[in-house]
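What follows is a set of notes on a single structure, which appears directly below.
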Ligand SMILES: Nc1ncnc2c1ncn2[C@@H]1O[C@H](COP(=O)(O)OP(=O)(O)OP(=O)(O)O)[C@@H](O)[C@H]1O
């Protein structure tokens, strides 16, 4: 930035103090008038003064003019010292020399005049100078102030802009930080919320279960309560009925008591009667006893009488008659007495029976009374206990209901709390979801942009590219000597150029990339991986390996299965595809993949996955005729070709193993020499984004071409000649197709080769094509290598020499810079 400098002050003819003094003196004469007319007036005054002086000295003027002119020529004022010298000059006057004095004085006055004139001139000059300086100064000041104000404006504008930018930057940084922090916080919050939600969900489910249980409990309790209430009601009814029954019983009791009293009275009367009867019976018994004793006495009398009879034999008859009559009397007495006794006994017995019946009745009544009393007591006890129980049950029920109510309230409270928490969590989740959606939208936008940029970069690199790969020496175990193949070291060709020496002649080729013998499989794959990504982004990609037999095509495409580091393009591509699809799952992408693998030998298609089908052998595959068709959406359909859904690396490994086996079996059956067929691995990728509804359909073709051979050199005849011709035809067709497509020619000769026709939808347009030209470094195969490189250069030529490519590369450089 150029700094602003004030205009340089014109240098004064005086030193500073001289100038000051001169200006002081000038001020005496001019007072405050410094403008132009004032100067003129001052000059006029001075000229008048000079003129006056000349008038006053008129007398001497003539005679002094010479002297003056002489003096004038002598006195010259150049600086202040001259003036001071003049002022400090002392007249050397001799006494009484008036003339001399006059002359000296007039001389002095002249000098003074000259001095004044010089001074006036000086003053004028200075005034003019000052004037111009002033105007300059004013102009400069104006300009300066304008500039200053402009600068100030600019500065303030810049400051404002800077501040605004700083503010904006700060804001952006803050926003960025916030965004990042927000993002982190959101992620964390989302995680937390997720766990919270899960916890809330689980607690909610637990609570719901609890609530359900509590509801069930409450229902059960309500049922119980209802039951208890019903029971209570029933018991109350029962109680009422019991009370009724009790009162009935009481009434019965009262009635029965009356009856009992009556009966008791009757019983007493009967008892009295009984007693009387008993007394009578006693008296009768006494009478009977008395009669018995009298009978005994009579018997003893009879005995005595018998004795007497014995003694009184005579008197016996009389006595017998007497006895007999007495006995008859006794007998009749006995009969009457026994009849009387029997009647009495009968009566007594009847009375006793009656008594017994009455007693029994009384007893049964007593028993019933007792039972009734017991039952009543029992019932009263039962009633009491039931009432107690009822009260207890009611109390416990009430307590239970209260506790359940409390529990219900608590559950309701916790439920409400849980619901609020749940709602809050839901809100947060909603917000987070929205944030997530926004982030996802941003991600998908970013993804779309990435795809676009990725594709642009690839397009700028070239939709058709050719890589050259030189394999290490393997035949004689020697180190790579560079005698046949060498790599130019000039900066513009490093990594892109290859020189080949064949029969002392040197040939130079340039490709998009040249991999030397020390390049690893990973180095090669790094370049491929972008194309694999393109296939996932929905583009059609073809990667070919071309070269003479044993140049490393299969090594490049398949690699060595046994070593992880030596895996080739196919397993690595598939690994990348599975890794990427897995990573993209979180962004809503779902991919499905279908793999097929076929071989084209002598223009015949062989399904390499067919032998995997149950009951199908390779011979079946060979005998089949496969037709190639293209549908309207640009997909290739090979009729009856085995297509396997692949979901994992394992599936792919299995397929590759199977294909390898089929290939070797096929070769043996066909007596085919190694590498006489094109092997095409095709992976169809269909992707759908569940979030954005975006869909992609990509195809990845990985092709190990048949080993190229120069017809002239092959010395082939018969079938072998036919085979070689077929290979060469299909390879040149392929290069023709690629060449025509690159040049955007209207007619592309797809149909003259099965391989090119098969790959037709995947060549040209947006499709990406990459061809590896594999090179053997051995001198023995230099001629073959030259052929391969020429072929590849032909494919590459469609890009080389077309100005578009340079423009693209320039663009690419601009982008990368
Ligand atoms: N870059 C490499 N590093 C180490 N070994 C390699 C490399 N390239 C090829 N080879 C080895 O060279 C030999 C021939 O390679 P490969 O079978 O891949 O050639 P090819 O071109 O497929 O032959 P063909 O046309 O007969 O199928 C193999 O043993 C392979 O392992």
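Rule-based calculations on the coordinates, nothing more; no lab input. The structure displayed is predicted, hence computed values, not measured ones. Cβ coordinates were reconstructed from backbone atoms using ideal geometry, including for glycine residues, and neighbour counts include every protein chain displayed.
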Sorted on mean Cβ neighbours within 10 Å (highest first), peptides 781-789, 557-565 come out as 781-789, 557-565
If each part is reduced to its alpha-carbon centroid, region 99-165 and region 497-514 end up apart, in Å, by 81 Å
Here the relative contact order (percent) of region 522-574, from C-alpha pairs under 8 Å and at least 6 apart, is 31 percent
Once residue 434 and residue 88 are pulled to full extension, the length gained, defined as 0.36 nm per residue separation minus their Cα-Cα distance, is 114.3 nm
Quick calc, residue 171 & residue 410: beta-carbon distance into FRET formula, R0 60 Å, rounding 0.05, result 0.75
Here, residue 518 and residue 158, labelled 7 Å along Cα→Cβ, have an inter-label distance in nm of 5.3 nm
So the FRET efficiency between residue 324 and residue 293, C-beta based with R0 = 22 Å and rounded to 0.05, is 0.50
In nanometres, the difference between 0.36 nm per residue of separation and the alpha-carbon distance of residue 212 and residue 237 is 5.4 nm
So, with points 7 Å from each Cα along the Cβ direction, the residue 340-residue 148 label distance in nm works out to 18.3 nm
For residue 269 and residue 697, extending 7 Å from Cα along the Cα-Cβ vector and measuring point to point gives, in nm, a value of 12.7 nm
So, relative contact order of region 494-620 in percent, Cα under 8 Å, 6 or more apart, is 14 percent
Among region 340-379, those whose backbone N falls under 12 Å of a label point 7 Å along Cα→Cβ from residue 245 are 372, 375-379
What the Cα atoms of region 415-536 span along the principal axes, largest first and in whole Å, is 93, 33, 24
Percent of all alpha-carbon pairs of region 342-448 at distances over 23 Å, whole number, is 73 percent
Stretched fully, the stretch from residue 361 through residue 657 gains (0.36 nm per residue minus C-alpha distance, one decimal, in nm) 95.2 nm
Note to self: C-alpha centroids of region 573-614 and region 211-233 sit apart, in Å, by 66 Å
Highest mean packing first, using Cβ neighbours within 10 angstrom, the peptides 193-201, 697-705 sort as 697-705, 193-201
Most packed first (mean Cβ within 10 Å per residue), the peptides 527-538, 146-157 order as 527-538, 146-157
